[in-house]
Amino acid sequence: MQTEVKVAGTADGQAANPLREGLATNRITDPCTIVFFGAAGDLTKRMLMPAMWNLRLEDILPTNYGIVGFSRTPYSNDEFRAQMKASIDQFSRSGPAKDPLWSDFARHATYVNGDFTDRGAFKKLRAQLDANDKQLGTAHNRLYYLSTPPSIFATIIQQLSDAGLGPKDQAEGWSRVVIEKPFGTDLDSARALQAEVSKVFDERQTYRIDHYLGKEPVQDIMALRFANMIFEPIWNRRYVDCILITAAETVGVERRGGYYDHAGALRDMIQNHVINLFALVAMEPPISPSADHIRDEKFKVLSAVRPIKAEEVAKMTARGQYGAGIIDAKQVPSYRQEPDVDPNSSTETYAAAKFLIDNWRWADVPFYLRSGKRLARKYSEIAVTFRQIPLRIFGELGDRIESNTLVMKIQPEEGVSLRFNAKVPGPKMHIRAVTMDFNYGTGFGVTTAPAYERLIGDAMRGDATLFTRWDAVERAWELVMPALECWTSTRDDDFPNYAAGTQGPANADTLLTSDGREWRKI
Ligand code: BG6
């Protein structure tokens, strides 16, 4: 079904690189209309519209496509198009949208204004979709992208069904739904949402987005593990001492205090992004690259993760909240002073947890996960720390023989580095740790496309590999629930317990030092 198109230029206008020679890119062949619910929202402006534009620039969008914005903001078609242009001009990696391509792109976009509870608005949507099929040749294929507040997801899905826009109502074409995170706010609400979704869309038609899975270096975790011979034989308890997974940010809650104060770091980052990284690094080799074979392995390994018992929460997890501090040489306020945050809030802006996996590969190897806002640096990585050498025969007195560490760097740097020991040149046998570094940008000569470009393209193509299947979402909730229940029912009187711009709270250090280990410096 897919047309092979030779790689020419890229949206960044970058020159060809020999490492990419002979590669083909895939234009999506199925015609389709994509409907953005929450079209006036921040995510649409910053990420989704620039992503659609770059998919067009890169010739990935199908020849017949339509874009429909749906939200409560009363735009006309032209006002919506002007909004789209402003978003692209401000946020697109390829710079401002230019004619003649822009005018052609804008011609494919229309807007439906209405309340999500209003049946009439969904009738208008239906009329617009029918018009697209006739005028743009979109062949009854529909991708519904829900980027509204999560409390409205179930309503939209029900309305689609009532308006005859669900997949079961279709004589021709397909319908799929893309659902932004968070999928539920705890295990019960996630199950309730899933019950609503599954009345209308079956699992093959449901794309639960976790934008971390669209990041190139995250996809490369599988390539590193399963397209090389040298790593997999040592990827187990015999050689690995521990694995550290970090997603650190310097931003605070920005304008999202209202949402974040009811979420916290455990729900916002650990339950989804960080646990997805955990699954990818720990899973067994899938038997094929198909979406279900990969997702089977992710679910299998998450099923083997030992749940933290309620009475172990204090020992196995750490939580923190930032106080005022300095980021990039500027004074920033404490979390409790952020807009729309309760001045007495007990919500965590930092969460860490230690997990063990009860299977043959990983028995007794700790996985330490952490994520926080207003930390010293924005950086996400997975560090695999290997065991100590069994016997020291080299090295002068005082030389420290470090453990080998393999680091998968996710952002801002994207690459892989391996730390190993080497002899310092000279007559003595001094040993020092050195680093071998690979960087995707310089290696392949491209700036990687933002995650949303990849994920929207995949959903239009019907490739669910990089979307989270319900079983894994449910399991991830099960894993965080003991800490969530404890943290929501008990205040931490030490909050705020780390200053903005630092390494995070001291109790997170204890999580590792009590095992004789340390976090890597943020
Ligand atoms: C989102 C969270 O899912 O991920 C945000 O809701 C967080 O709170 C963001 O800032 C981090 O994404 P990235 O791609 O900047 O690491």
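So here's what we get for this one:
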{"quantity": "Distance from the stretch 45-98 to the stretch 403-459 (C-alpha centre basis), Å", "calculated": "34"}
{"quantity": "Karplus (6.51, -1.76, 1.60) ³J(HN,Hα), θ = phi - 60°, over the stretch 231-245, in Hz, Gly and Pro reported as x", "calculated": "8, 4, x, 9, 8, 6, 4, 5, 10, 9, 7, 6, 10, 10, 10"}
{"quantity": "Cα-projected label distance for Glu172 with Asp340, points at 7 Å along beta-carbon direction, nm", "calculated": "4.3"}
{"quantity": "The stretch 143-274: radius of gyration and largest Cα-Cα distance (Dmax), Å", "calculated": "18.9, 57"}
{"quantity": "Mean accessible surface per residue for the stretch 32-153, computed with a 1.4 Å probe while every protein chain stays in place, in Å²", "calculated": "40"}
{"quantity": "Accessible-area composition of the stretch 194-256, carbon plus sulfur, in percent [1.4 Å probe]", "calculated": "53"}
{"quantity": "Theoretical FRET efficiency, 1/(1+(r/R0)^6), r = Cβ-Cβ of Ala363 and Ala433, R0 30 Å, to 0.05", "calculated": "0.60"}
{"quantity": "FRET efficiency for Glu478 and Asn236, using Cβ-Cβ distance with R0 set to 30 Å, rounded to 0.05", "calculated": "0.75"}
{"quantity": "Förster radius 45 Å - calculated FRET efficiency between Arg520 and Ser103, Cβ distance, rounded to 0.05", "calculated": "0.35"}
{"quantity": "For the chain, the spread of Cα positions along each principal axis, largest first, Å", "calculated": "79, 56, 47"}
{"quantity": "Whole-Hz couplings from phi, Karplus 6.51/-1.76/1.60, listed for the stretch 49-56; x for Gly and Pro", "calculated": "5, x, 5, 4, 5, 5, 5, 6"}
{"quantity": "Whole-number percent relative contact order across the stretch 167-298, with pairs defined as alpha carbons under 8 Å at least 6 apart", "calculated": "23"}
{"quantity": "With every protein chain in place, the stretch 283-343: carbon and sulfur % of accessible area (1.4 Å)", "calculated": "58"}
{"quantity": "Reachable lysines from Lys309, criterion Cα separation under 16 angstrom, eight or more residues apart if same chain", "calculated": "Lys354"}
{"quantity": "Rounded Å value of the spacing that divides the Cα centres of the stretch 188-251 and the stretch 316-382", "calculated": "19"}
{"quantity": "Taking the stretch 68-184 and dividing mean pair separation by its residue count, relative contact order in percent (alpha carbons under 8 Å, at least six apart)", "calculated": "25"}
{"quantity": "The stretch 201-306: GluC sites (Glu not before Pro) in DSSP coil with no more than 12 other Cβ atoms inside 10 Å", "calculated": "Glu254"}
{"quantity": "Residue-wise HN-Hα coupling along the stretch 279-286, computed from phi with Karplus coefficients 6.51, -1.76, 1.60 (Hz; x: Gly, Pro)", "calculated": "5, 5, 7, 9, 5, 7, x, x"}
{"quantity": "Cα point-scatterer Debye curve for the stretch 336-455, base-10 log of I(q)/I(0) at q = 0.11, 0.13, 0.19 Å⁻¹", "calculated": "-0.66, -0.85, -1.18"}
{"quantity": "Pairs beyond 24 Å (Cα-Cα), from Lys45/Lys199; Lys123/Lys199; Lys330/Lys378; Lys123/Lys181; Lys45/Lys378; Lys45/Lys409", "calculated": "Lys45/Lys199; Lys123/Lys181; Lys45/Lys409"}
{"quantity": "Accessible area in square angstrom per residue, the stretch 226-292, 1.4 angstrom probe", "calculated": "39"}
{"quantity": "Carbon and sulfur %, accessible surface of the stretch 30-176 computed with the full protein complex present, 1.4 Å", "calculated": "49"}
{"quantity": "The chain: relative contact order as a whole-number percent, Cα under 8 Å and 6+ apart", "calculated": "17"}
{"quantity": "Projected-area average for the stretch 147-215 over all orientations - Cα convex hull basis, square nanometres", "calculated": "5.1"}
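The values are calculated or read from the model by the stated rules, or taken from the named source; none is laboratory data. As the structure is a computational prediction, the values presented were derived from the model and not from experiment. So basically every Cβ, Gly included, is an ideal-geometry build from the backbone, and we count neighbours across all protein chains shown. Keep in mind that these areas ignore ligands, DNA and RNA; they rest on the heavy atoms of the full protein, side chains included. Shrake-Rupley method; radii C 1.70, N 1.55, O 1.52, S 1.80 Å.
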